[in-house]
Amino acid sequence: MRFDYDMDNGAPLDLSEFSMSMHTGTHVDAPSHFLRGAPAIDQVPLEQLNGPALVINVDPAVSAITAADLERYPWRGARRILFRTRNSVNEWIVDPQFHPDYVWLAPDAAELLVSGGVELVGIDYLSIEQYGAPPRTQVILLSKGIAIVEGLDLRQVSAGEYDLTVLPLKILGHEAAPARAVLRRR
């Protein structure tokens, strides 16, 4: 972060600027992230991003959430699902070091979520996709209009039902935007 005006240096006010990727920290991916001509972040309805949500506490031994893993949890009927994984247990979301072995969502689990009518899927690291893999999971979800929220800080959250509020910056025409995400226990 750079200060253009700094009161400590005699300026009448503090005024700063910063530059970052739209995929920094907690952020929402819009369909246009991988699909040409698909809706951008300013076209993702807020109703889809806000409402009842289910937090699933995934077994820390799981490295990729597969359809078989997903079926171990009572997720059916939930419109918004957030995955709390070993990423949270290890506090990787606040670790400045990148962890390429983060937990991700497998394409077969994405297909199962699509068939279950889910509108939003969130995960507790910087991507829902396997590191270095082609974007299969994201394409499956985004092509069906399912919002993806990545970079969630779920370290202090337990499994259960919550009210979710996700407010991405309204940046016209872009594929993603940083967001503020808040959970309140139901």
Inset, instruction - Answer with a single label: of (1) 61, 38, 36; (2) 57, 40, 23; (3) 54, 37, 27, which was calculated as Cα extents along the principal axes in Å from the structure in view? - result: (1)
Legend entry - FRET efficiency, GLU71 to GLU91 (Cβ-Cβ, R0 25 Å, nearest 0.05): 0.35
Legend entry - Counted charge near ASP59, where neighbours are those whose Cβ lies closer than 9 Å (Asp, Glu -1; Lys, Arg +1): +1
Inset, instruction - Compute the distance in nm between two label points, each set 7 Å from the Cα along the Cα-to-Cβ direction, one at GLN43 and one at ALA61. - result: 4.5
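Between ARG136 and THR165, what length in nm is gained on full extension when 0.36 nm per residue of separation is reduced by their alpha carbon distance?
Stretched fully, the ARG136-THR165 segment lengthens by 7.8 nm.
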Legend entry - Computed helical MRE - 222 nm, the chain, DSSP H runs ≥ 4 contributing -39500 (n - 2.57), nearest 500: -3500 deg cm²/dmol
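Given 0.36 nm per residue, what is the gain on full extension from TYR5 to MET20 after removing their alpha carbon distance, in nm? Intermediate values should be presented prior to the final figure.
Numbers: separation 15, 0.36 × 15 = 5.40 nm, distance 2.00 nm.
Full extension from TYR5 to MET20 adds 3.4 nm.
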Legend entry - Accessible surface, the chain, averaged per residue in Å² (probe 1.4 Å): 52
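The values are calculated or read from the model by the stated rules, or taken from the named source; none is laboratory data. Keep in mind it's a predicted model, so treat the numbers as computed, not measured. Note that we place each Cβ from the backbone using ideal geometry, even for glycine, and neighbour counts take in every protein chain shown. For the accessible areas, the whole protein counts, side chains as well, though only heavy atoms, and no ligand, DNA or RNA atoms are used. Shrake-Rupley method; radii C 1.70, N 1.55, O 1.52, S 1.80 Å.
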